[in-house]
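Enquirer: My structure is below; once you've seen it, I'll send some questions.
The values are calculated or read from the model by the stated rules, or taken from the named source; none is laboratory data. All values derive from a computational prediction rather than experimental measurement. A quick note on method: Cβ atoms are made from the backbone with ideal geometry, for glycine too, and the neighbour counts reach across all protein chains shown. Heavy atoms of the whole protein, side chains included, go into the accessibility calculation; ligands, DNA and RNA do not. Shrake-Rupley method; radii C 1.70, N 1.55, O 1.52, S 1.80 Å.
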Amino acid sequence: MTKTAMLEVSDLHAFYGESHILHGVSLEVRQGEVVTLLGRNGAGKTTTMRAIMGIVSKRSGSIRFQGKELIGMAQHRIPRLGIGYVPEERGIFSSLNVDENLTLPPVVKEGGMTVEQIYELFPNLKGRGTTQGTRLSGGEQQMLAIARILRTGANLILLDEPTEGLAPVIIEQIGVAVRALKARGFTIVLVEQNFRFASTIADRHYVMEEGHVVDMIPNDQLDRNMDKLHAYLGV
Ligand code: ATP
């Protein structure tokens, strides 16, 4: 797989101060794939994303994106390579309206979607351009958080628990959007607790435990690995 990997993480260690959180994470993501990071609370999924983005700066090992090494690179340069990050806390500006939230993130790379294309992908946001962020539902806020990355031209998108706290009908809408992004050629890494949802959108699943990747399960082998997965996730 290495030859065609878009993102290649090997032996990644990361620290919060003196706390050693990631203990040699290795994973690969190919162009156009949807890959999930599964694992219990505290397994290190968010920290892996934050280390890729350089937000957790104390890290070692290797993170190569389209052949470029991100370890040692200044944090502000990483999004400019075309990596978009949607944090769990969503990161939209509640005091700004939908249009302003969409147009605020700078375009970092050619090939970003237009606001019109984004509204096509997220019909729930269409016609809500002047609605203030605080007046959106949780699901709409999540859609806006994803939408605002699409204008920037990022082609790898890291989504941290996009379904957390959302109703099943909204989760299904997020699933539709993720599948549409995959069809458009985006590459997506998704942190998920909800592996049933993950199984409807992902090609492969990495399972994390205590700062390591302990397993990789192709989506078409998920059913036969269900017992193992339940044990990993404690469900
Ligand atoms: P969750 O679903 O709970 O976010 P996770 O797999 O994403 O789980 P992380 O958030 O990456 O886990 O956390 C991994 C470990 O790092 C946990 O033990 C957590 O307590 C610790 N941790 C997270 N953030 C910090 C921080 N800012 N300072 C110190 N330790 C932290």
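Enquirer: Got a number for carbon plus sulfur as a percent of the range 52-155's accessible area, 1.4 Å probe?
Expert: Numbers: 2320 of 4870 Å².
The C+S portion of the solvent-accessible surface of the range 52-155 is 48 percent.
Enquirer: Rank Y16, Y206, Y85 by mean-square fluctuation in a GNM of the chain with C-alpha springs under 10 angstrom and give only the top-ranked residue.
Expert: Among Y16, Y206, Y85, the largest GNM mean-square fluctuation belongs to Y16.
Enquirer: What residue among M53, M113, M143 shows peak mean-square fluctuation when the chain is described by a Gaussian network model with Cα springs under 10 Å?
Expert: M113
Enquirer: Turning to a different aspect of this structure: Straight-line reach only, C-alpha to C-alpha below 17 angstrom: list the aspartates and glutamates that K45 could link to, leaving out same-chain residues fewer than 8 apart.
Expert: E8, D11, E28, E88, E89, D160, E161, E164, E192, E209, E210, D215
Enquirer: With a probe of 1.4 Å, find how much accessible area the range 151-190 has per residue, and write the answer as a whole number in Å².
Expert: Numbers: 1380 Å² over 40 residues.
Counting only protein heavy atoms, the per-residue value for the range 151-190 is 34 Å².
Enquirer: Using the eigenvalues of the Cα gyration tensor, what equivalent ellipsoid semi-axes result for the range 136-235 when each is taken as the square root of five times the eigenvalue, whole Å, largest first? Let's see the in-between values first.
Expert: Details: eigenvalues 119, 48, 32 Å².
So the equivalent ellipsoid measures 24, 16, 13 Å along its semi-axes.
Enquirer: Treating only the Cα positions of the chain as identical point scatterers, give the base-10 log of I(q)/I(0) from the Debye formula at each q in 0.07, 0.15, 0.17 Å⁻¹.
Expert: These q points yield log10 I(q)/I(0) values of -0.21, -1.02, -1.30.
Enquirer: With θ taken as phi - 60° and the coefficients 6.51, -1.76 and 1.60, list the Karplus ³J(HN,Hα) couplings across the range 133-141 in order, rounded to whole Hz; mark glycine and proline as x.
Expert: x, 5, 8, 8, 6, x, x, 5, 4
Enquirer: Given charges of +1 on the Cβ of Lys and Arg and -1 on the Cβ of Asp and Glu, with all other atoms neutral, how large is the dipole of the chain about its Cα centre, in debye to the nearest 20?
Expert: Rounded to the nearest 20 debye, it is 520 debye.
Enquirer: When the C-alpha atoms of the range 98-173 are aligned to their principal axes, what extent does each axis show, in angstrom, from largest down?
Expert: Extents along the principal axes: 35, 27, 19 Å.
Enquirer: With the convex hull built on the Cα atoms of the range 51-102, state its orientation-averaged projected area in nm². Working shown, then result.
Expert: Numbers: hull surface 18.2 nm².
So the mean shadow area of the Cα hull is 4.5 nm².
Enquirer: Just need the relative contact order of the range 53-182 here, percent rounded to a whole number, with Cα pairs under 8 Å and 6+ apart.
Expert: Working: 171 pairs, mean separation 40.2, N = 130.
This gives 31 percent for the range 53-182.
Enquirer: Here's something else I'd like to know. Scan around L12 for amide H atoms under 5 Å from its own, H built in the peptide plane at 1.01 Å from N, and keep only partners 5 or more places away or cross-chain.
Expert: Distant-sequence amide H within range of L12: G24, V25, S26, S62.
Enquirer: Now a separate question. P(r) for the range 15-99, please, calculated from all Cα pair distances in 5 Å bins and given in %.
Expert: Result, from short to long distances: 3, 11, 22, 24, 20, 12, 6, 3, 0 percent.
Enquirer: Given N residues in the range 66-200, what is Rg(Cα) / (2.2 N^0.38 Å)? Before the final figure, lay out each step's value.
Expert: Numbers: Rg = 14.4 Å, N = 135, 2.2 N^0.38 = 14.2 Å.
Cα-based Rg divided by the globular estimate yields 1.02.
Enquirer: Can you give the longest stretch of the chain with no exposed loop site, where a site means GluC sites (Glu not before Pro) in a DSSP loop (not H, G, I, E or B) with at most 11 other C-beta atoms within 10 Å?
Expert: Details: sites that count: E18, E89, E110.
It runs 111-235.
Enquirer: Separate question: Would you mind listing how long the range 54-144 runs along its three principal axes, going by Cα atoms, in whole Å with the largest first?
Expert: If we take the Cα atoms of the range 54-144, the spans are 45, 26, 17 Å.
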